[in-house]
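What follows is calculated from the coordinates using simple rules that are stated; it is not laboratory data. Given the structure is predicted, the values throughout are model-derived calculations rather than measurements. Here Cβ is always computed from backbone atoms with ideal geometry, including for glycine, and neighbour counts include all displayed protein chains.
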Amino acid sequence: MPELPEVETVRRGLAPVMEGAVFARVQLRRADLRIPFPKDFIQRLEGASIVTVGRRSKYLLIQTQKDTLIWHLGMSGQVRIYAPGDTVAPVGKHDHVQFDLNTGAHIVFTDPRRFGLMDLCATDALADHRLIRSIGPEPLGNAFSGPVLAQALKGKRVAIKQAIMDARVVCGVGNIYASESLYRAGISPKRAAGTVQGGRAEKLATAIKAILNEAIQAGGSTLKDHRTTDGGLGYFQHNFAVYDRAGQACPGCDCDVSKTGGIQRLEQGGRSTYYCPRKQR
Ligand SMILES: [Zn+2]
């Protein structure tokens, strides 16, 4: 599933291709993905020029003069970008949407499981849209900091791992990056969220920003070598410290794994958490 860094990588691939261009032709090859396309989807987009390609949490926001296209890549959605002059591959079974731009560029959205979605919203009403309005602070924005995180966690008895995956606390921190951030901050995933205050909250907010930025950079460097933008590209996988590494030593760990068991796996809210019991308290 694409997490925030993957969506940001896709955004950075789309922005130079889309910004300033006009939707010349919009092709829908089905009536719905996770939800139906708006009835006037094609009419509202065709002829509209694209102002910015933004992002809020894991939603891409393609803003035209009047409307904003709200686009979620779902579980397995992939975006392919064709530069002007490139030949578009024959239409695949799961190529559900195609945008042809006036520049000659083409953008194809492939979504085999159809958990993705596209909706349109008048740009001046975007903040009130049902998918957008309850999203908490962007982890990479200036509005997210140690004190803001501490305030959001105050009084919460739920485990800290689950709390930071709650989009009302901070948006876009998925399962993988929650484990990695807690490891970086030295905080046990089992700790009651409300006890993460002061210096601990500061460390955790800093770790979340650093981990996400590193993942975006890894994605961005992968993207340079590919004309194709793919939700799975640039995945941070090879750099994980604890995620999916149960039983192994964590980086720089001096403990004897045969005695300690190394990195532990734990189920929290039906999701796997990975952590080092020695370094995380
Ligand atoms: Zn360790």
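Through the Karplus equation 6.51 cos²θ - 1.76 cosθ + 1.60, θ set to phi - 60°, convert the phi angles of region 247-256 into ³J(HN,Hα) values in whole Hz; use x for Gly and Pro.
Whole-Hz 3J(HN,Hα) from phi for region 247-256: x, 8, 6, 7, x, x, 6, 9, 7, 7.
Looking at the chain as a GNM with Cα springs under 10 Å, which of GLN98, GLN264, GLN43 has the largest mean-square fluctuation?
Judging by the Gaussian network model, the answer is GLN43.
Excluding GLN268 itself, calculate the net charge of residues whose Cβ lies under 13 Å from the Cβ of GLN268, where each Lys or Arg counts +1 and each Asp or Glu counts -1.
With Lys, Arg at +1 and Asp, Glu at -1, the neighbours total +3.
Suppose a student asked you for the relative contact order of the chain, using Cα pairs under 8 Å spaced at least 6 residues apart; what percent would you report?
Result for the chain is 19 percent.
Going toward the positive end of the dipole of the chain, with +1 on Lys and Arg Cβ and -1 on Asp and Glu Cβ, which of TYR177, TYR275, ILE208 do you reach last?
TYR275
With unit charges on the beta carbon (Lys/Arg positive, Asp/Glu negative), name the residue among ILE107, LEU4, LEU45 whose Cα is farthest towards the positive pole of the charge dipole of region 4-128.
Comparing the listed Cα positions along the dipole, LEU4 ranks first.
If amide H atoms are built 1.01 Å from N in the plane of the peptide, which residues on other chains or at least 5 residues away come under 5 Å of the amide H of GLY74?
LEU117
With charges only on Cβ, +1 for K and R and -1 for D and E, what is the dipole size of region 4-128 about its Cα centre, in debye, rounded to 20?
340
Charges at C-beta only: +1 for Lys and Arg, -1 for Asp and Glu. How large is the resulting dipole of the chain about its Cα centre, in Debye rounded to 20?
Approximately 1100 debye in magnitude.
Of the residues GLU267, GLU46, GLU19, which exhibits the maximal mean-square fluctuation in a Gaussian network model of the chain defined by a 10 Å Cα contact cut-off?
Result: GLU267 has the largest fluctuation of those listed.
Can you tell me how the chain classifies by the Cα gyration tensor, rounded, prolate or oblate, using a/c under 1.5 as the rounded cut?
Note, shape of the chain comes out prolate.
What is the packing order of peptides 87-93, 53-59, 122-128, taking the mean over residues of other C-beta atoms within 10 Å and listing the highest first?
Listed from highest to lowest mean packing, they are 53-59, 122-128, 87-93.
Please state the shape class of region 146-275: rounded when a/c is under 1.5, otherwise prolate if a/b exceeds b/c and oblate if not, all from the C-alpha gyration tensor.
Oblate, since a/c reaches 1.5 and b/c is not below a/b.
Using helices alone, I'd like the mean residue ellipticity at 222 nm for the chain: each DSSP H run of four-plus residues gives -39500 (n - 2.57), total over residue count, nearest 500.
Estimated from H runs of four or more residues: -8000 deg cm²/dmol.
Once you've got the GNM for the chain with C-alpha springs shorter than 10 Å, pick whichever of HIS129, HIS72, HIS96 has the biggest mean-square fluctuation.
Sorting by GNM fluctuation, first place goes to HIS129.
Peptides 109-119, 8-18, 177-187: what's the order by average Cβ count within 10 Å, highest mean first?
The densest-packed peptide leads the list: 177-187, 8-18, 109-119.
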